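*Asks:* Pasting in a structure now, in structure tokens, and then I'll have a few things to ask.
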């Protein structure tokens, strides 16, 4: 009997030991879950930072031609500028020292005939950025080493490491623009008249400076294709098409005017005059090559308000709601309202950037506006009243930087190129780009 009692007492002691071991295991698992949750949250913060850094870098390819070497530099600079302002675990990302640009040709010739690709790499302690101009792509890695764990030290793992990667690119995938201003101009064509119109044969329409009446300087272009007895032609810019060197693309964004110092037309000075519909004689105050039509998106709004505060949605192929009448005074006032919202902004042709803006992101300045483009075939010169054909539709959209409006209601501006769009289909205007995270 005593032997049986001793055995029963021994069993009760085993239960206590097993309970203690189980409790320790449960506490260890709970501690592990807390540490894993903390590391997961840290990785999520790193992923958010990588996403925004990649999108910021790729925005340079949305705003400027990827073929321009300065665009890749701008992509890198934008990415690192945003990286400086991001944090992981309440600690700023370490991008010191600001890295010198490295890069070069990555040989992709794994098969005969394959080409090379320009790839630029930059790395700091917490951030690595790869820029691929050919693909208009930016890839980012965000690292955070030595993340302290709460209970990992009990398992000889006092620190954890996280890394996140994101890839963003600018692509012509969105035909819809979300903040269109009420201006439309003809897309640019090849001017075949080198005697009286493109007199210096540089394919660039020298800006007009117009005084009272018909007094005018600069070049005056009128679209005269073969159907109107001329030799002009229009071929829209399409970066996905291989150009015929004997019949190059002419639309804004193409390289037809690159020899004049405006690759992709970025930085092209423009002086566009209100098209009042008084006729298209020669000379006349109305000219096709540097004129604009006002749009009427909201009949309840006045012209000045539509320009200063209007923000309209349109897509390629939509009908163009032209406004009748000139309303030149309210037009000038609306433009001056835009300039007054960011008076210190100026265009730097060397950097191809807007400087002095009171907006941290210069693309958000009220003076950076989206305008509509139409096929000049809707506006063929015939010496008569030059209103666009009633069937006119938007063929493209672009951005301009407004400089001023003079007393003759001419708008002085800088052509900026691509317009930001929103997803809406696989194709769109060749100048409408969207930013997308693809990884």
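We did not get these values from a lab; they are worked out from the coordinates using the rules stated. Since we're looking at a predicted model, the values are computed, not measured. No Cβ is skipped: glycine too gets one built from the backbone with ideal geometry, and neighbour counts run over all protein chains shown.
*Asks:* Sticking with the crude label model, points 7 Å out along Cα→Cβ, report the distance from residue 226 to residue 85 in nm, one decimal please.
*Replies:* 5.4 nm
*Asks:* In nm, to one decimal, how far is the residue 351 label point from the residue 337 one, both placed 7 Å along Cα→Cβ?
*Replies:* The answer from the label model is 3.1 nm.
*Asks:* Given a Förster radius of 60 Å and the C-beta distance between residue 233 and residue 37 as r, what FRET efficiency does 1/(1 + (r/R0)^6) yield to the nearest 0.05?
*Replies:* Taking R0 as 60 Å, the efficiency between residue 233 and residue 37 is 0.40.
*Asks:* At a 10 angstrom cut-off on C-beta neighbours, averaged per residue, how do the peptides 192-199, 78-85 rank from highest to lowest?
*Replies:* In decreasing order of mean packing, 192-199, 78-85 become 78-85, 192-199.
*Asks:* Given points 7 Å out from each Cα along the Cα-Cβ axis, report the residue 194 to residue 436 separation in nanometres with one decimal.
*Replies:* Once both label points are built, they end up 4.2 nm from each other.
*Asks:* In addition: Contour minus end-to-end for residue 361 and residue 240, with contour as 0.36 nm per residue of separation and end-to-end as the Cα-Cα distance?
*Replies:* Full extension from residue 361 to residue 240 adds 40.7 nm.
*Asks:* Further, regarding this structure: Full extension from residue 300 to residue 163: what is 0.36 nm times the residue separation minus their Cα-Cα distance, to one decimal in nm?
*Replies:* 44.0 nm
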